[in-house]
Amino acid sequence: MIRFLLSLFAGLIVGIGLGLYLGWVQFPVEYIDSPASSLSPRYKDEYTVMVAAGYMADRDLTGVMQRLRVLGVENIPAFVQEVTERYITTSRDVDDVRPLVGLSEALGRLTPIMEPYRQVRLPGQSS
Amino acid sequence: MSDSVTLDPPRPQPARKYTRPRHLISWPLLVVGLVIGVGLGLFYAWAIDPVKEFDTEPWQLSDADKRHYLVAIMLGYAYDGDLDRAVNRLLSLRLPGDPIQAVADAACYLASTGYVDSNSGLRAVRQMMAFYRLQGKSGCADTLLPAQDAPPTTVVEVVLPTATFMPPPTKTPTPAGEGRPTSTPVPVVVPTVQPRTSFVLVNISTFCRADASGVIEVNVQDGNGRGIPGQEIRVRWDSGSDTFFTGLKPERDAGYADFDMEAGTDYLVEIPGHSNSASEPLAAVPCTTSDGESAITSYRVVFRAG
């Protein structure tokens, strides 16, 4: 009888461990209908860059605030500044940095590290 | 009778339930325990204490937030014109069916809601329309929002007099009425639609300097980035417009020209007849230089031959 109980118990222990591994690691729950505030930082950054690019095209700060509000950040100017400085310090694509700097400046968050990107010179542009 | 009895050697007994060698583990019960354990483990991991939501990807967003993300993709495309990048971003949304058509459907939805009540929303939906139309798609937004098409081509006939010089005086009087200036009307056809765009506005940046306060610096470049002299530039504002030409300050650049703004006025910069869209309004607003001096924001505008 003890032999049976031991086998059952051992099977349960191994099975529970296997089930947890499968349920947490291999096949975790995938959420849908998530709010934009739960986006991964990578996609939040990308979204911010795209919104900043839109700002460069239409200079509509109201639209920017409406679009960034869905990310659930409390202080939008501070968030844009943080993303911009992170893009600069991690040497991201200058085509992404430029609109971010433009938006930061419009939000009154231009910092010295952004200054060089305000006047990005194109090849062949002498002034 | 013999006392000796010959016994056959004992035959091996068949293994019976109570004589079989015992294993430490009962494999059937172990398997049963394993199956039950896996079930319990999965139930706990999926239902009771699932993985906390993190690293959410765009395709996991709600429909409303997917549309926000889609609008942002279109805004990004409007800025950089990178179709591959835009399509890759659309694919990250895992939209059902054709992603371009999904843009048309989203534009249709947004155009039928209050989203287009604001200029920002209207502009975004128009951008979506421009995107999917370029890819040969259509949606109900095309009918809900009258397209911002170019005005129909109309022809304006302008009659210009042709001047005829007076003949030099002669000693022989000529009869009255002869030799007088005559004007021959010549119809000139002026199409109101501009020729095909050959310049694109590639960059606008701002700067704040006391020695160059409120200046629009324009650079017109060819495809290789070399300045193009003699190119006409037009600046428009509420109450007027002005034209000037590049190359008058060759010490700066052959394709350079500048224009002084008045504080508090918005200006549009364009290349007449060659630029299908002017710059966004450049506002002559106050700024503070790095030295703490007050100045007016200046702009650097770059047009490039497309």
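Read-outs throughout are calculated quantities, based only on the coordinates presented, and are distinct from any laboratory measurement. Remember, it's a predicted structure, so these values are computed and weren't measured experimentally. Every residue, glycine as well, gets a Cβ built from its backbone with ideal geometry; the counts of neighbours run over all protein chains shown.
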Task: C-alpha center-to-center spacing [segment A:24-43, segment B:62-86] in angstrom - done: 20 Å
- [ ] Determine the sum of side-chain charges near residue A:57: Lys and Arg each +1, Asp and Glu each -1, restricted to other residues whose C-beta is under 12 angstrom from that of residue A:57.
- [x] -1
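Across peptide A:26-35, how many C-beta atoms of other chains are within 10 Å of each residue C-beta, on average?
Average neighbour count from other chains, rounded to a whole number: 6.
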- [ ] Restricting things to alpha carbons, tell me how big segment B:66-132 is in terms of Rg and Dmax, in Å.
- [x] 10.9, 31
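For segment A:36-119, what percent of Cα pairs sit more than 16 Å apart? Mind dumping the intermediate values first?
Working: 1513 of 3486 pairs.
Percentage above 16 Å: 43.
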Task: Under 14 Å from residue B:52, Cα to Cα: aspartates and glutamates that are on another chain or at least 8 residues apart - done: A:30
Task: Straight-distance crosslink candidates among aspartates and glutamates, where the alpha carbon sits under 20 Å from residue B:249 and sequence neighbours closer than 8 are dropped - done: B:211, B:217, B:222, B:232, B:258, B:260, B:270
- [ ] Enumerate the calculated ³J(HN,Hα) couplings along segment B:221-231 in order (Karplus 6.51 cos²θ - 1.76 cosθ + 1.60, θ = phi - 60°), each rounded to whole Hz, writing x wherever the residue is Gly or Pro.
- [x] 10, 7, x, 9, x, 8, x, 10, x, x, 8
TODO: Hydropathy first: keep DSSP H helices in chain A averaging at least 1.6 on Kyte-Doolittle, then drop any whose Cα extent along the axis falls short of 15 Å, and list what survives.
DONE: A:2-21
TODO: Within the set of other residues whose C-beta is less than 9 Å from the C-beta of residue B:281, count the net charge using Lys and Arg as +1 and Asp and Glu as -1.
DONE: -1
Task: Partners for residue B:137 among aspartates and glutamates (Cα-Cα distance below 20 Å; same-chain residues under 8 apart left out) - done: B:82, B:84, B:98, B:105, B:149
